[in-house]
Each structure stands twice: as C-alpha cells, then as structure tokens.
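What follows is a short report on a single structure.
FYI, it's all coordinate maths here, none of it is from the lab. Predicted, not measured: the structure shown is a model, and the values here were computed from it. Virtual Cβ from ideal backbone geometry, glycine too; neighbours counted across all protein chains shown.
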Amino acid sequence: MRGLLQRVSGARVEVGGEVVGAIDQGLLVLLAVEPDDTPAHAAKMLHKLLNYRVFSDVDGKMNLSLKDIEGGLLLVSQFTLAADTRSGLRPGFSTAAPPAMAEAMFDHVLTEAKRQHSTVESGRFGADMQVHLVNDGPVTFLLQI
C-alpha cells in the first residue's frame, strides 16, 4: 500500500463539476492498493496517516499529527501511484491491485478512518476526479507499507 501524503491548507475533489469531498487544514492522501495488501497493511497505513507528525508546533518543528491539530483527512484512490516505472517510457500497472480488491481495501480504510477520526472526506472510487489543493509548505511524503 502506498500513500502520497500532502499537508494542505485546503483541498477538494470534484466529479462532474460536483464537489464530493472537501477539507480545510489537514492531509490530502492519494492512496494506492497493491495486490498483496491486507487489512493489517490498511491498519498500519491509517495509523501512520493519523499520527504522522507533519504539522508545526509552536517552535515551528514538525511535531504535531493530524489527530493533534484535529485537521481534515481527504482520501483519494489513486491506482497510478502503484505503477511500475522502473523501465521504459510507459508505466505498467500489474503492480496495482485489481479494481474489485482495490475498491474493497479503499472502502475499508475509509470506513476505519471515519470511525477513528472526526473529519474524513473522500473522492469517488474509479471516477474521473479533479483534485484541487493548496499544498502547505509544500510538505509531501510517500508512505509505503
């Protein structure tokens, strides 16, 4: 499982011109599911997303987590993040989970996130989405579980 975490001052996802998910300060996470991912991987990823210290404390150091600041979490399914780009000039997608498995695992992460955190939004699995964000910093990390 891979998650591209971006610290944002605001983000939203639109599908067909309709806003389907939006947050103010928090994290926008593009999430890719790989074939060997399990619910244990999902739990570990979610724990990192909620507790990864990427927000500044009073001294300006990254010591606060999403939970600490009570920020928003916007999850967006992103199978292209699992692409194999090691060779050639065209990405390969055999390293991404099949759509049914990816959707089930994404839904699992989303359900657990909503159970554990107060402000959770999402894009729409499999849709053509437009993602708008104001990257704060910019601060971006690739998490791999």
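Assorted remarks:
- Selection status of L143, in a strand (DSSP E or B), touching a residue at least 12 places away in the same chain (Cβ under 8 Å), touching a Gly at 6+ places or on another chain (Cβ under 6 Å) and closer than 12 Å to L5 by Cα: yes
- H47 within 16 Å of the chain's Cα centre (by Cα), over 21 Å from N135 (Cα atoms) and free of Cβ contacts under 8 Å to residues at least 24 places away in the same chain: yes
- For the stretch 124-140, a residue qualifies if it is touching an Asp or Glu at 6+ places or on another chain (Cβ under 9 Å) and not in a strand (DSSP E or B), and the qualifying residues are F125, G126.
- Scanning the stretch 113-135 for residues that are crowded, with 18+ Cβ neighbours inside 10 Å and either among the acidic types (D, E) or in contact with a helix residue (DSSP H, G or I) (Cβ under 8 Å, 6 or more places away or on another chain) (or both) yields A113, H117, V120, E121, S122.
- Each residue in the stretch 1-29 was checked for being of a type in the set (S, T, N, Q) and assigned to a strand (DSSP E or B), and 2 pass.
- Cβ-Cβ under 8 Å pairs, at least 6 apart or on other chains, the stretch 79-99 side on the phi < 0 side of the Ramachandran plot and part of a loop (DSSP other than H, G, I, E, B), far side among the polar types (S, T, N, Q) and exposed (fewer than 13 other Cβ atoms within 10 Å of the Cβ): P91/T80; P91/T85; F93/T80; A96/T80
- Residues that are in contact with a Phe, Trp or Tyr (Cβ under 6 Å, 6 or more places away or on another chain) and either more than 15 Å from L30 (Cβ to Cβ) or part of a loop (DSSP other than H, G, I, E, B) (or both) within the stretch 66-78 comprise just one, I69.
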